[in-house]
1. With crowded, with 19+ Cβ neighbours inside 10 Å and among the aromatic types (Phe, Trp, Tyr) as the only criterion, which of Phe141, Phe151 stands out?
2. So, of the residues in the stretch 240-263 that are of a type outside the set (A, V, I, L, M), in a strand (DSSP E or B) and out of contact with any Lys or Arg (no Cβ under 7 Å at 6 or more places or on another chain), which turns out to be surrounded by the most Cβ atoms within 10 Å (Cβ to Cβ)?
3. Out of curiosity, is Ser79 on the phi > 0 side of the Ramachandran plot and assigned to a loop (DSSP other than H, G, I, E, B)?
4. Out of the residues in the stretch 102-129 that are of a type in the set (A, V, I, L, M) and in a helix (DSSP H, G or I), which is surrounded by the fewest Cβ atoms within 10 Å (Cβ to Cβ)?
5. Can you find even one residue in the stretch 187-204 that is under 22 Å from Ser53 (Cβ atoms) and either at pLDDT 95 or above or surrounded by fewer than 17 Cβ atoms within 10 Å (Cβ to Cβ) (or both)?
6. Among the listed residues Ile90, Ile85, Ile150, which satisfies the condition of being over 28 Å from Thr250 (Cβ atoms) and of a type outside the set (S, T, N, Q)?
7. Just name the residue that is farthest from Gly254 (Cα to Cα) out of those in the stretch 31-60 that are hydroxyl-bearing (Ser, Thr, Tyr) and in a helix (DSSP H, G or I).
8. Somewhere in the stretch 251-261, is a residue closer than 24 Å to Lys67 by Cα, at pLDDT 95 or above and touching a helix residue (DSSP H, G or I) at 6+ places or on another chain (Cβ under 9 Å)?
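The values are calculated or read from the model by the stated rules, or taken from the named source; none is laboratory data. These numbers were taken from a predicted model, which means no experiment stands behind them. Cβ coordinates were reconstructed from backbone atoms using ideal geometry, including for glycine residues, and neighbour counts include every protein chain displayed.
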Amino acid sequence: MYKSRSLKILGLFFIAVSCKFNVSPYTTDAPKLSLNDLNVRTIKSLEAETPTSFKVAFISDTHNYYKELEKQIDVINSSSYAFAIVAGDITNLGLIDEFHEARSYLNGLKIPYLVAVGNHDLISGGRKIYKRLFGSDTFHFIFHDTHFIIFNNNNWESPGRVPDMDWVEAVLSQSDPSHKRVLIAHVSPEDTDRFTPEEISRWEDLMVRYNVDYFLNGHDHNPYEKSFGNGVRITIGASSKKSFYELSITSGAGGISHQKISF
């Protein structure tokens with residue numbers, strides 16, 4: 001009886017210790033890595049050695065489709081892409097374990113990658129986790145003569161002025177007129193649930209006025225492409241659809257085109 005009671009007490013002790021040191025799935029204590037800032041610098045450092053005709057891979061809505069994401073990464077690694085851009089929703093619930101799991105797969109890419117923020121990435125404590133892991137959710141950079149502009153347009157899940165259309169227009173207005181321009185955000189600019197007709201019209205007007213070549217988005221899981229303004233709007237589609245998009249870009253007088261890659 002004494003032995004049985006002692007074992008019971010010992011068991012309760014280990015349960016208590018286990019609970020004390022168990023990390024909550026809702027913690028936001030992510031390391032401060034600012035990976036987007038770091039990888040933009042890496043991408044820029046590779047510019048001189050990258051041919052002026054280059055390709056960029058675009059994926060989106062990886063969620064927990066890890067088997068399909070792994071295949072996407074294998075296909076991307078088997079070709080010669082300069083870098084990759086993920087158009088958001090690398091998590092389902094914005095939980096820290098989901099961010100780390102997604103990163104463990106994305107780190108298998110042999111090229112630098114950037115991650116736009118998705119609406120699922122902003123729920124729970126995701127806003128703080130994303131900021132610590134990836135840094136700013138709104139930024140831009142030029143690679144050769146193509147201007148990539150990445151921004152948060154998840155208006156329902158974000159405080160403040162989101163999307164900041166004035167910021168996007170200011171960046172476009174200061175862009176070299178000879179440069180190609182690519183906008184990347186998670187939600188389609190034509191989402192009639194989230195955006196007013198006036199906002200949708202303004203996005204289209206910006207595409208025309210500043211000769212924007214492409215607007216790439218995620219959010220809607222089915223791949224889709226159409227004309228938008230003077231350019232093209234592409235919904236990249238989720239990893240579960242077993243495809244992704246690439247842009248082929250030739251600097252100078254060369255053009256810019258897209259292709260859906262299925263596997």
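1. Values: Phe141 fails: crowded, with 19+ Cβ neighbours inside 10 Å.
Just a single option satisfies the conditions, and that option is Phe151.
2. Pass one, the stretch 240-263, residues of a type outside the set (A, V, I, L, M): 240-246, 248, 250-252, 254-255, 257-260, 262-263.
Filter once more, so that each one left must be in a strand (DSSP E or B): 243-246, 248, 250, 257-260, 262.
From what's left, out of contact with any Lys or Arg (no Cβ under 7 Å at 6 or more places or on another chain): 244, 250, 257-260.
Working: Phe244: 28, Thr250: 17, Ser257: 13, His258: 17, Gln259: 11, Lys260: 15.
Only one residue tops the list, namely Phe244.
3. On the way: on the phi > 0 side of the Ramachandran plot: no; assigned to a loop (DSSP other than H, G, I, E, B): yes.
Here the answer is no, as Ser79 does not meet what is asked.
4. Keep residues of the stretch 102-129 that are of a type in the set (A, V, I, L, M), which gives 102, 106, 109, 111, 114-117, 122-123, 129.
Subsequent filtering for residues that are in a helix (DSSP H, G or I) retains 102, 106, 122, 129.
Values: Ala102: 22, Leu106: 19, Leu122: 26, Ile129: 24.
Going through the qualifying residues, I end up with Leu106.
5. Let us first name the residues in the stretch 187-204 that are under 22 Å from Ser53 (Cβ atoms), namely none.
No, the stretch 187-204 has no match at all.
6. Details: Ile85 fails: over 28 Å from Thr250 (Cβ atoms); Ile150 fails: over 28 Å from Thr250 (Cβ atoms).
Exactly one of Ile90, Ile85, Ile150 is over 28 Å from Thr250 (Cβ atoms) and of a type outside the set (S, T, N, Q), namely Ile90.
7. Taking the stretch 31-60 first, the residues hydroxyl-bearing (Ser, Thr, Tyr) are 34, 42, 45, 50, 52-53, 60.
When the remaining residues are screened for being in a helix (DSSP H, G or I), the result is 42, 45.
Numbers: Thr42: 25, Ser45: 23 Å.
Looking at the filtered set, the residue picked out is Thr42.
8. Checked the stretch 251-261: at least one residue is closer than 24 Å to Lys67 by Cα, at pLDDT 95 or above and touching a helix residue (DSSP H, G or I) at 6+ places or on another chain (Cβ under 9 Å).
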